[in-house]
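Enquirer: Have a look at this one before I ask anything.
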Amino acid sequence: MATRIEEDDDDVPALSAQTLAALREFIAEQRDAEKEGTEEEGEVALVTEDWRLSQFWYDRNTAETLVEEIRFLSDCSQPPSPSVACISCPTLYAYLKKIEPDIPAQILEFDKRFGQYGEDYIFYDYNLPEELPLSLKHSFKIIVADPPYLSKECLEKVTKTISFLAKPQDSRLLLLTGEVQKERALELLNVRPCGFRPQHSNKLGNEFLLYTNYNPQGRLGGWEPTLSE
């Protein structure tokens, strides 16, 4: 319910400038909260991006494409469905739980606003890459990671987290990061870029790629050919 200020009504007591400013700020915050809580058909509502934390949410097509790939990988596994680790990619987690709620997933994220997801939420600081519950060690067959920064240091530390989480054999990794990380990602994680190009709701200046440590064949546009192929 919106609050309305009747400035021309003589029966309404005048508010001080400070009180009026605070009231208008409250109304604006309420409207923003209502806007965040609404969803267009098929879309998922997310909290507002915090650019100070380098947060940029995927667009709907990107999120749904990633969910489709996770569904495929899950269906190829022996039951029960393998758990999915979503490292710094809350958009994917939110869409995954909406579209495929039976696939178990954990969200590892620095932003504590995502504590709303209860036991699925794990606080994660990439500067402390292995300070995670021991119960998570080597327990994920499917990992999706989106390092928050396009730096060597960040990718190296996230690599340590991936090694901590991944099952020792036959784990599947999807990495979303900038094209500038292509050689470093290959060196650290043995991943190659796919033809599919992830997009964000707010357009970014850096080109992002989706890398995998397995050949998706006809899915995700397949692996991009190398010069030797």
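The values are calculated or read from the model by the stated rules, or taken from the named source; none is laboratory data. In this text, all values refer to a predicted model and were calculated from it rather than measured experimentally. So basically every Cβ, Gly included, is an ideal-geometry build from the backbone, and we count neighbours across all protein chains shown. Heads up: the accessible areas ignore ligands, DNA and RNA and are worked out on the full protein's heavy atoms, side chains in. Shrake-Rupley method; radii C 1.70, N 1.55, O 1.52, S 1.80 Å.
Enquirer: Could you please let me know if Arg192 is surrounded by 15 or more Cβ atoms within 10 Å (Cβ to Cβ), modelled with pLDDT of 95 or more and touching a Lys or Arg at 6+ places or on another chain (Cβ under 7 Å)? Please lay out each step first, then the result.
Expert: Details: surrounded by 15 or more Cβ atoms within 10 Å (Cβ to Cβ): yes; modelled with pLDDT of 95 or more: yes; touching a Lys or Arg at 6+ places or on another chain (Cβ under 7 Å): no.
Taking the combined requirement at face value, the residue does not satisfy it.
Enquirer: Determine which member of the set Gln199, Gln181 is under 20 Å from Thr91 (Cβ atoms) and surrounded by 19 or more Cβ atoms within 10 Å (Cβ to Cβ).
Expert: The unique qualifying residue is Gln181.
Enquirer: Can you name the residue in segment 134-163 that is of a type in the set (Asp, Glu) and farther than 22 Å from Ala63 by Cβ and, of all such residues, is least open to solvent (accessible area, probe 1.4 Å)? Walk me through it before giving the result.
Expert: Taking segment 134-163 and keeping what is of a type in the set (Asp, Glu), we get 146, 153, 156.
Still in the running and farther than 22 Å from Ala63 by Cβ: 153, 156.
On the way: Glu153: 93, Glu156: 73 Å².
So the residue we want is Glu156.
Enquirer: Sticking with this one: Would you be able to say whether some residue in segment 157-172 is farther than 20 Å from Ala85 by Cα and touching a residue at least 40 places away in the same chain (Cβ under 8 Å)? Walk me through it before giving the result.
Expert: Initially, segment 157-172 is screened for residues farther than 20 Å from Ala85 by Cα, giving none.
No, there is no match, as no residue in segment 157-172 is farther than 20 Å from Ala85 by Cα and touching a residue at least 40 places away in the same chain (Cβ under 8 Å).
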